[in-house]
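The values are calculated or read from the model by the stated rules, or taken from the named source; none is laboratory data. Because the structure is predicted, anything quoted here is derived from the model rather than measured. For neighbour counting, all protein chains shown are included, and Cβ atoms are generated from backbone atoms with ideal geometry for every residue, glycine included. The protein model used for the area step is the full one, side chains on, heavy atoms only, and it has no ligands, DNA or RNA in it. Shrake-Rupley method; radii C 1.70, N 1.55, O 1.52, S 1.80 Å.
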Amino acid sequence: MAAATFRFYAELNDLLQRGWRQQDIVHAFREPASVKDRIEAHGVPHTEVELIEINREFAGFERLLRDGDCVSVYPFMAVLENPRPLRPAYPRGRFVLDQHLGRLAAYLRLLGLDCVHRALFPDDEIVRVALAEDRVVLTRDKRLLMRRAVVHGGYVRATDPFEQVPEVLHRFGAPELVEPFTRCMACNGMLRVAAREEVDDRIQPDTRQYYSEFRECPDCRRVFWDGSHARRMRAWVDAWMPART
């Protein structure tokens, strides 16, 4: 058996077993073994890794470990400039979310970001959509992110959907694409301006009396207007993106 010493930095420690956090880890392995596989053997998906150093030299995921190697693993927030990118630049404003992140998908759509989400969404289909449509996979399932085919992905740490939004924006920000209230929160369709006569059969009498401006989703035919719920949502947007206010 060969052995290498691993050290994980910053928030990558949150993904490790408690006994491995904030310390050197002597890891025994059978050769040949790639650094990607051995990183993930510690519970850290490759999508969460931004930079790898082996014996103080930059390395890629394909690098085969050797006995006595010293491996340093860094997350994206700990790297200001990456001389050895591990993957292409992430797709901006384009996501595919697993079936458990429906509320997060709705919130990101509220900001105008392009999100594919389904109530029943097998992992194989998530990966297929991510590759076919060039999207970032968002999930709280580390095993999904460890699939070799996944190029861009993010492990969502927060459990509260409201708190998940700034977490995603911080890592995969695309401020130039944020256009609140332009996309359907339910189905991801782009909204269009609709005359009251076009939506009259889908709104309540009180809504018809007090509002004259409407938007509708041409895909699912939902109707939206600037009621009290919209004002509440604007407060959400301000909380997520204070720089816009």
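Tabulated values for the structure
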| item | result |
| --- | --- |
| Every residue from segment 156-180 that is in a loop (DSSP other than H, G, I, E, B) and touching a strand residue (DSSP E or B) at 6+ places or on another chain (Cβ under 9 Å) | Val156, Phe172, Ala174 |
| Members of segment 100-111 that are surrounded by fewer than 18 Cβ atoms within 10 Å (Cβ to Cβ) and outside any helix (DSSP H, G or I) | His100 |
| Number of positions in segment 212-234 that are assigned to a helix (DSSP H, G or I) and surrounded by 11 or more Cβ atoms within 10 Å (Cβ to Cβ) | 3 |
| Options Leu80, Leu131: the member that is out of contact with any Ser or Thr (no Cβ under 7 Å at 6 or more places or on another chain), at pLDDT 95 or above, open to solvent by 10 Å² or more (accessible area, probe 1.4 Å) and among the aliphatic types (A, V, I, L, M) | Leu131 |
| Unmet requirement for Val193, which otherwise passes all of (1) closer than 22 Å to Pro88 by Cα; (2) open to solvent by 20 Å² or more (accessible area, probe 1.4 Å); (3) outside any loop (DSSP other than H, G, I, E, B) | (1) |
| Residues (among the polar types (S, T, N, Q) and in contact with a Cys (Cβ under 7 Å, 6 or more places away or on another chain)) located in segment 167-223 | Asn188 |
| Of residues in segment 149-169 being free of Cβ contacts under 8 Å to residues at least 24 places away in the same chain and under 15 Å from the mean Cα position of the chain (by Cα), the one surrounded by the most Cβ atoms within 10 Å (Cβ to Cβ) | Glu167 |
| Residue in segment 104-126 that is basic (Lys, Arg) and either touching a strand residue (DSSP E or B) at 6+ places or on another chain (Cβ under 7 Å) or more than 30 Å from Asp37 (Cβ to Cβ) (or both) present | yes |
| Subset of segment 113-123 that is open to solvent by 10 Å² or more (accessible area, probe 1.4 Å) and not in a helix (DSSP H, G or I) - its residue that is nearest to Thr182 (Cα to Cα) | Asp114 |
